[in-house]
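Below you'll find the structure, written out as structure tokens, and then a few comments.
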Amino acid sequence: MNKQEFLQKYLVERHGTSSMKWDGLKEKFGEADLLGMWVADMEFSTCDAITEALMERVRHGVYGYTVVPDSYYEAFSNWMETRHQFPIQKEWVRFSQGCVTGIAWSIAAFTKPGDACMILTPVYYPFHNVVTNNDRKLVKVPMNYEDGYFTLNYEAIEKAIVEQNVKMYIQCSPENPAGRVWTEEELDRLLAICEKHHVLVVSDEIHQDLVLGDKPFVPAAVVSGGKYRDIVITLNSATKVFNLATLLHSHVIITNEELRKVYDRFASGMNRTEVSVMGMIATETGYRYGGEWLEALLEVLRDNYQYLKTALAEKLPKATVCCLEATYLPMIDLRAYVEPEHIVDVVQGKCRLGVDYGEWFGDEYKGFIRMNLATDPANVHTAVERLAKACAE
């Protein structure tokens, strides 16, 4: 299936479907008539196999308490081994309603109120909130940034860990919104610092299957042959790649037996929810039959990103479209054209765009925006034209 076939078959209209991205514009931005280029979901319906599997369960008509079959773990492990060299054992897996929920539960299970939890900025804004809302101390370490490319500041990371007595590092890998796929060498050096100072790593890897370039995604748990596996808790899900977010189904993968015991003691008192039957069915089906759909999606995302870079380089040559090695959510640095304090006035007021603003991800990034490219190419073209016109003025 090529790009045009994918767009013709799976591109959908989402206005009037209670879509947060479109029908939630008024609540989020105060205006409903914006072009929605924010929040990380897509204008693409999921693959046919998932829809058919869900319809089969709907026809069955029963949504009662459900066990997770062995076939689920087989499909999940095969997907992880084939694509990421990380075969999964059934006993490692626990379930949550989403990766941010998995972070919250990990914070509750493995730290105490007042403990320091570290994030690297810019990073998905719920990472900030889930720490502070659980009465932990938030430690923020900005990444290095140069010409649209983010790198790790190892010295600042270790300094913060030591000085703030950090107990947990919450990682985003691939990184949203920095767009980075961390190399194994980068992860090895970072995880070695965490191991040295007895810092537990919670690695949110929900974007693992949305890699756009040639650089392979490396799960934290397999770095250096699994050297750091005993200090890593992995969170991932099929929800981002197959556009299934509100089916509320994700994984908490704990390879270390002692950590699993601690987590299970916490879960026995706090996490008493059952697995989402529809999320389970959709995830297993996607892992079995969604590969062709995913490859066509990635072609659309690559082309949208390339258009964004090329068009803005021509129309706004001083703007910087940040690297996008993975995800569909590039940052754009508009500070050469717009004073940071006026970014909302220009992007929303003049361009009529609903986007995520850089300061949501870290205070240092005011004057940046994050734009969602998992949409109709025509929306990307329109957004670029509006940005170019407003910034030129």
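The values are calculated or read from the model by the stated rules, or taken from the named source; none is laboratory data. Keep in mind it's a predicted model, so treat the numbers as computed, not measured. Cβ placement follows ideal geometry from the backbone for every residue including glycine, while neighbour counts extend to all protein chains displayed. What goes into the accessible areas is simple: the full protein's heavy atoms, side chains included, and nothing from ligands, DNA or RNA. Shrake-Rupley method; radii C 1.70, N 1.55, O 1.52, S 1.80 Å.
Of note:
- If the segment from GLN164 to GLU364 were pulled out straight at 0.36 nm per residue, it would be longer than the present Cα-Cα gap by 70.0 nm.
- Charge dipole magnitude, Cβ of K and R +1, D and E -1 - the chain, Cα centre, debye nearest 20: 640 debye
- Estimated purely from DSSP H runs of n ≥ 4, each contributing -39500 (n - 2.57), the mean residue ellipticity at 222 nm for the chain is -12500 deg cm²/dmol once divided by its residues.
- Calculated accessible area for the stretch 302-356 comes out at 40 Å² per residue, all protein chains present (probe 1.4 Å; ligands, DNA, RNA ignored).
- Dipole magnitude of the stretch 267-393, debye to nearest 20 (Cβ charges: Lys/Arg +1, Asp/Glu -1, about Cα centre): 200 debye
- Over the chain, relative contact order from alpha-carbon pairs under 8 Å, at least 6 apart, %: 23 percent
- Loop GluC sites (Glu not before Pro), the stretch 1-73 (other Cβ atoms within 10 Å of the site Cβ: 14 or fewer; DSSP): GLU13, GLU31
- Amide H partners (placed H, <5 Å) of LYS215, local residues excluded: none
- Which of ASN133, LEU248, VAL355, positive extreme of dipole for the chain (C-beta unit charges): ASN133
- Separation of alpha-carbon centers, the stretch 182-254 and the stretch 71-142, rounded to whole Å: 9 Å
- Taking all Cα pairs closer than 8 Å and separated by 6 or more residues, the relative contact order of the stretch 236-393 comes to 19 percent.
- Mean accessible surface per residue for the stretch 70-196, computed with a 1.4 Å probe while every protein chain stays in place, in Å²: 40 Å²
- For the stretch 3-97, relative contact order (Cα pairs under 8 Å, six or more residues apart, normalised by length) works out to 17 percent.
- The residue list PRO317, GLY179, MET280 was ranked by how far each Cα lies along the charge dipole of the chain toward its positive end, using unit charges on Cβ atoms, and MET280 comes out on top.
- Under the Karplus curve 6.51 cos²θ - 1.76 cosθ + 1.60, θ = phi - 60°, whole-Hz ³J(HN,Hα) for the stretch 368-375, x wherever Gly or Pro sits: 9, 10, 10, 10, 8, 9, 8, 8
- Measuring spread by the Cα atoms of the chain yields a radius of gyration and Dmax of 20.8, 60 Å.
- The magnitude of the dipole of the stretch 82-200, with charges of +1 and -1 set on the Cβ of Lys/Arg and Asp/Glu and taken from the Cα centre, is near 540 debye.
- Here's the picture: charge each Lys and Arg Cβ at +1 and each Asp and Glu Cβ at -1 in the chain, and of TYR72, PRO219, SER96 the one pushed furthest to the positive end of that dipole is SER96.
- Measuring nothing but protein heavy atoms, the accessible surface of the chain at 1.4 Å probe radius is 49 percent carbon and sulfur.
- Loop exposure criterion: chymotrypsin sites (Phe, Trp or Tyr not before Pro), DSSP state outside H, G, I, E and B, at most 15 other Cβ atoms within 10 Å. Applied to the chain, the longest stretch between such sites is 66-393.
- Straight-line cross-link reach from LYS315 at under 19 Å between alpha-carbon atoms covers these lysines, not counting any fewer than eight positions away in the same chain: LYS350, LYS389.
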